[in-house]
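J.: There's a structure below that I have some questions on.
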Amino acid sequence: MSEAAPAPEPKSLNFLEEIIEADLQSGRHQGRVLTRFPPEPNGYLHIGHAKSICLNFGLGRKYGGATNLRFDDTNPTKEDVEYVDSIREDVRWLGFDWAGEFYASDYFQQLYDYAEHLIRAGKAYVDDQSDEEIKRGRGNFYTPGTASPWRERPAAESLDLFRRMKAGEFRDGERVLRAKIDMQHPNMNMRDPLMYRIRHAEHHRTGDAWCIYPMYDYAHGCSDAIEGITHSICTLEFEDHRPLYDWFLEQDVEGKFFRKPLPRQYEFARLNLTHTVMSKRRLLQLVQERIVTGWDDPRMPTICGLRRRGYTPESLRAFAEKVGVAKRDMVADVALLEHCIREDLEARAPRRMAVLRPLKLVITNLSDAEAFEVELANHGERPELGSRRVPFTRELWIDRDDFREEAPKKWFRLAPGAEVRLRGAALVTCTEVLKDASGAVVELRGTWDPASKGGNAPDGRKVKGTIHWVSAAHALDAEVRLYDHLFLAEDPMDVPEGQDWHQGVNPSSLEVVRARVEPSLAEAQAGERYQFERTGYFAVDLEAKPGVLIFNRTAGLKDSWSKIEAKA
RNA sequence: UGGGGAGUGGUCUAACGGUAGGACAACGGAUUCUGGUUCCGUCAGGUGAGGGUUCGAAUCCUUCCUCCCCAACCA
């Protein structure tokens, strides 16, 4: 033991880690930790799922255990293989590997067998009531439920009926299998919940092998137990399903179906993000109503949307780590997410120059013959990332945002008579402003100081402003998609009386500009990420192809000038 | 009129009876050929409220308040 080493930071544990460590201490699961990520394959994963994925896989990894990917496919009418493929891809992209890939449907036979066992034990019965009657019989929060007339029917009769349900003798909705628990239970979930319903529907994996399908509450806990899951982690809304989760497993009194110790369910607060919606239903509406272009629209909080936007798996994992895990309802600030991607890309994204809103600047005292190339580092602080050569010529594009006809206070950029540095190239003074008939600025003229070639003034004069530029003759056209929050309000659901959340959509959540970018970007490949100096981080969109450059703004750089100006 | 949860700075999150800490945001300042980055600094008079126990309470007890979830043959 080295006593010289400083005491290791006692990294605090979240409540789940505390539970697991306590279980490890007590040897409850013989030192095993097995978690699972259990998506229903009925939609695309979003950043809330990413939190759950990082949590479950993170815990498995941290404690030397593992994590299963289990598709909760108990409802054939809503699920599809299309989704299982995308879910697999997203989990893998996030950087996780699952120990086993399972499906609740893998256990249909075992689930069925256990159901028969429960019927024989008098713990379940076939109910012939309609869904309306069942609903009525369940009572409500304030009044206890009443027993179904079929509740006390002999086990043999239920068994026969259940088998005939399985055999396909009845129509959808004609009968159900119910757990016999307690119709007066204060927890509605315990008032004889449904275990099976009839659905003559094609299942994406089992085809037409089954026409009865188990309900979530029955299937989920049993699946956990079958796989030997130790810690079954879900979100808060399942908290009052826990007694039912336990009930189903505890009915296996002789331990013939599940190995002990049984898994336990724990609940944490789901992720919410400011300026966006997260529910599958609302996300689907955004897609269907064409408010966004699809599930992978870069404005969507879906994993595929964030990926297309340019987010890295590392940044999403860092985000999940930073928001933490607890039991109080939470809304994370999207600024934290943006911080995470900036932090990641600041370190790794090669730098480039791109003029988003081009304005011509002609250097009147630079002849074509005097044009030159400058060598620019791909990353100021990381020389190992190399450099590239950029042509500097008489006619340049600069950003309109970098010119002001009337310079406000503290304005370091271009203005009539002002001198700025063109990054890495030269010092230039604006000498003339050309306008069209309407008075709009259409071109700038200026002169350069040949002694400043490379960007530094030989006399040591200070030039505070540095702007980016692109040689007009060499510039490449690019479509640049400037994304912003999808919703203006922090909480899109907090709308004034008489309005609905659709009206809160940010009308400028997407602005498309025709940009001019430096020639080194010619071969940019879909998925690559760059920092466009002074503007932001951009990723090449998946629709880009040779000769067609499309960039998505992942996140803007922090902009302290806009703050200075806002205050003035 | 039921049941289940939760309340710590603008936002997340720690503190497990012993000086309320961190991150993000915000705000100053230094450095800078990105108004970026980096660095340094400021920012809670107190943990929903009241009462109690204790030498000492965010942590224990108690009363109250507020918020969230639950009455699909969805998950």
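The values are calculated or read from the model by the stated rules, or taken from the named source; none is laboratory data. All values reported here derive from a predicted model rather than from experimental measurement. FYI the Cβ positions are ideal-geometry reconstructions off the backbone, even for glycines, and counts take in every protein chain you see. Accessible surface is based on the protein model in full, side chains and every heavy atom, while ligands, DNA and RNA are left aside. Shrake-Rupley method; radii C 1.70, N 1.55, O 1.52, S 1.80 Å.
J.: Restricted to the range A:229-247, and to residues that are part of a strand (DSSP E or B) and of a type in the set (S, T, N, Q), which residue is nearest to RNA strand B (Cβ to nearest atom)?
T.: Per the stated criteria, the residue is A:Thr235.
J.: Restricting to strands (runs of 3 or more DSSP E) lying wholly in the range A:1-106: which have 2 or more residues that are more than 10 Å from RNA strand B (Cβ to nearest atom) and either among the hydroxyl-bearing types (Ser, Thr, Tyr) or under 21 Å from A:Ala320 (Cα atoms) (or both)?
T.: A:34-37, A:66-71
J.: To continue, here is another question. Quick check on the range A:295-313. Is at least one of its residues surrounded by fewer than 19 Cβ atoms within 10 Å (Cβ to Cβ) and at pLDDT 95 or above?
T.: No, because not a single residue in the range A:295-313 is surrounded by fewer than 19 Cβ atoms within 10 Å (Cβ to Cβ) and at pLDDT 95 or above.
J.: Which condition from (1) assigned to a loop (DSSP other than H, G, I, E, B); (2) within 26 Å of A:Phe71 (Cα to Cα) is the one that A:Arg153 breaks?
T.: Here A:Arg153 meets the rest and fails (2).
J.: Any residue at all in the range A:261-284 that is assigned to a helix (DSSP H, G or I), assigned by TED's automatic domain parsing to the domain that holds A:Arg36 and under 18 Å from A:Gly221 (Cβ atoms)?
T.: no
J.: So which of A:Gly527, A:Gly547 is closer than 21 Å to A:Gly294 by Cβ, loosely packed, with under 15 Cβ neighbours inside 10 Å and in the same structural domain as A:Thr293 (by TED's automatic domain parsing)?
T.: A:Gly527
This table checks each residue for (1) more than 24 Å from A:Ala225 (Cα to Cα); (2) assigned to a loop (DSSP other than H, G, I, E, B).
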site: A:His117; (1), (2): no, no
site: A:Val126; (1), (2): yes, no
site: A:Glu132; (1), (2): yes, no
site: A:Arg164; (1), (2): yes, no
site: A:Arg171; (1), (2): yes, yes
site: A:Pro186; (1), (2): yes, yes
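J.: Which is surrounded by fewer than 22 Cβ atoms within 10 Å (Cβ to Cβ) and closer than 27 Å to A:Pro298 by Cβ, of A:Gly48, A:Gly64, A:Gly100?
T.: Going through A:Gly48, A:Gly64, A:Gly100 in turn, the sole match is A:Gly48.
J.: With the requirement that a residue be near RNA strand B (Cβ under 10 Å from one of its atoms) and in a loop (DSSP other than H, G, I, E, B), what does the range A:173-184 give you?
T.: Once the filter is applied, which keeps residues that are near RNA strand B (Cβ under 10 Å from one of its atoms) and in a loop (DSSP other than H, G, I, E, B), the range A:173-184 yields A:Gly173, A:Glu174, A:Arg175, A:Gln184.
J.: Another question, then. So which residues in the range A:274-285 are over 25 Å from A:Ser232 (Cβ atoms), open to solvent by 10 Å² or more (accessible area, probe 1.4 Å) and within 12 Å of the chain's Cα centre (by Cα)?
T.: Across the range A:274-285, the qualifying residue is only A:Thr276.
J.: Still on this structure, I have one more. Residues being in a loop (DSSP other than H, G, I, E, B) and in contact (Cβ under 8 Å) with a residue 12 or more places away in the chain: count how many of those fall in the range A:482-511.
T.: 12
J.: Something else: Of the residues A:Gly207, A:Gly221, which is closer than 30 Å to A:Lys62 by Cα and of a type in the set (Gly, Ala, Ser)?
T.: After ruling out the rest, the residue left standing is A:Gly221.
J.: Let me ask you something else. In this structure, does A:Pro408 turn out to be exposed (fewer than 13 other Cβ atoms within 10 Å of the Cβ) and under 42 Å from the mean Cα position of the chain (by Cα)?
T.: Against the criterion (exposed (fewer than 13 other Cβ atoms within 10 Å of the Cβ) and under 42 Å from the mean Cα position of the chain (by Cα)), A:Pro408 qualifies.
J.: Only residues that are within 14 Å of RNA strand B (Cβ to nearest atom) and either among the charged types (D, E, K, R) or not assigned by TED's automatic domain parsing to the domain that holds A:Arg163 (or both): list them for the range A:118-148, please.
T.: Those that are within 14 Å of RNA strand B (Cβ to nearest atom) and either among the charged types (D, E, K, R) or not assigned by TED's automatic domain parsing to the domain that holds A:Arg163 (or both): A:Asp127, A:Asp128, A:Asp131, A:Glu132, A:Glu133, A:Lys135, A:Arg136, A:Arg138.
J.: Answer yes or no: is there a residue in the range A:193-216 that is near RNA strand B (Cβ under 10 Å from one of its atoms), of a type in the set (Phe, Trp, Tyr) and either in contact with a helix residue (DSSP H, G or I) (Cβ under 6 Å, 6 or more places away or on another chain) or open to solvent by 10 Å² or more (accessible area, probe 1.4 Å) (or both).
T.: Scanning the range A:193-216 turns up at least one residue that is near RNA strand B (Cβ under 10 Å from one of its atoms), of a type in the set (Phe, Trp, Tyr) and either in contact with a helix residue (DSSP H, G or I) (Cβ under 6 Å, 6 or more places away or on another chain) or open to solvent by 10 Å² or more (accessible area, probe 1.4 Å) (or both).
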